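I have placed the structure first, in the form of structure tokens, so that the comments after it can refer back to it.
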Amino acid sequence: MWITYSPIEEQNDDEFLSRMKSLDPKDKIQAQSLMGTVKSCGLLVSKWRDAYERIDSYRLKSKNEEQWRIWRIPFNRAAALLGEVCSDLQLQEIKAHEGLPFRDHLCAQVEGGKITANTANRMIGSLQKMFKEICHDEKLVVVNPFNDLRLREAKTKGSRKAVTPDMIKRILALRAMDKLNDEARDAVFICLNTGCWPSEVYGVEKRHMHLAANVPYFEILSEGRDLETAVSERRVVLIGGVLEVMWRRHKAVGFPRYRGNQNSMTTLINKFFKITSLLVRGTRYTGCAMVLKIG
């Protein structure tokens, strides 16, 4: 059974006695939480992201500077919005019901078309995760006010379409990608022919390319960056035209323009597809790794 944290000075006699009945004498942390004698950590909502980053730093240490910047965005936005809606409260001032007005605010935003239910749920998830980890680090046993608050999302089954051979032909047609710079154009070509993501390709350097091997290949490694999963580290075989492109990247020492700045590459590529209409706007695709969403 979950019991909301309440400082001992705010409890009346009946509430205090009720809490005493639930005590486990062998669990000091639980006893202090139930009795309301845990010293307030004084951590304001605006400081949650910094605290969470410190707690989770061992797992995030492999990220490069650009990946750190991107990682911080959803946590910063969620904490900032919570501060606007519910004020910049201290951690222990947030009661079990405090998440409800925040959820109501997000619902209104979704109904007004300002954000999607998916975006709202990501914010709730970010707050839920930060609150959980900080409380665990502070040895504080309290109800997570952001549990079970997620909005029901619209069903999107079947909306993700495969990139057709005709689309690929249009993309790879002569001069179709002239508006892209050499590095971005080569990245698109490599992604289309290997299934890699731009975030994987941009970090490939000369030493990762083994083009004179019996079976030419390049390596995707987590050197100086964080890959999605452990299995993302792999060797990618090269044949035909994509091998020629990789030889060009070999001479250019990889993708120096975008090294450490993968977001710039993906932004440019998606903007290119919007402008050229080589893919249909507003549609999500699979089978073309560089396209997250066009529209």
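The values are calculated or read from the model by the stated rules, or taken from the named source; none is laboratory data. Remember, predicted model here, so these are calculated numbers, not experimental data. Here the Cβ is made from the backbone with ideal geometry for all residues, glycine too, and neighbour counts use every protein chain on show. What goes into the accessible areas is simple: the full protein's heavy atoms, side chains included, and nothing from ligands, DNA or RNA. Shrake-Rupley method; radii C 1.70, N 1.55, O 1.52, S 1.80 Å.
Some notes on this structure:
- Amide H partners (placed H, <5 Å) of residue 64, local residues excluded: 226
- For the range 40-162: rounded, prolate or oblate by the Cα gyration tensor [a/c cutoff 1.5]: oblate
- Fully extending the segment from residue 263 to residue 12 would add 84.9 nm, taking 0.36 nm per residue of separation and subtracting the current Cα-Cα distance.
- 3J(HN,Hα) along the range 141-153: 9, 9, 6, 7, x, 9, 6, 6, 10, 4, 7, 6, 8 Hz, from the Karplus curve 6.51 cos²θ - 1.76 cosθ + 1.60 with θ = phi - 60°, whole Hz, x for Gly and Pro.
- Dipole size of the range 53-116 about its Cα centre, with +1 on Lys/Arg Cβ and -1 on Asp/Glu Cβ: approximately 320 debye, rounded to the nearest 20.
- Using the Karplus relation 6.51 cos²θ - 1.76 cosθ + 1.60 with θ = phi - 60°, the per-residue 3J(HN,Hα) values for the range 176-190 come to 5, 10, 5, 6, 8, 6, 4, 5, 5, 4, 5, 5, 4, 4, 5 Hz, with x marking Gly and Pro.
- Calculated FRET efficiency for the pair residue 70/residue 132, C-beta based, R₀ 30 Å, to 0.05: 0.85
- Whole-percent carbon and sulfur share, accessible surface of the range 75-147, 1.4 Å: 49
- With a Förster radius of 35 Å applied to the C-beta separation of residue 251 and residue 60, the computed FRET efficiency comes to 0.50.
- Residue 77-residue 152 FRET efficiency (beta carbon distance; Förster radius 25 Å; 0.05 resolution): 0.70
- For the range 81-88, putting each phi into the Karplus relation 6.51 cos²θ - 1.76 cosθ + 1.60 with θ = phi - 60° gives couplings of 5, 4, x, 5, 7, 10, 6, 7 Hz, in residue order, rounded to whole numbers and with x for Gly and Pro.
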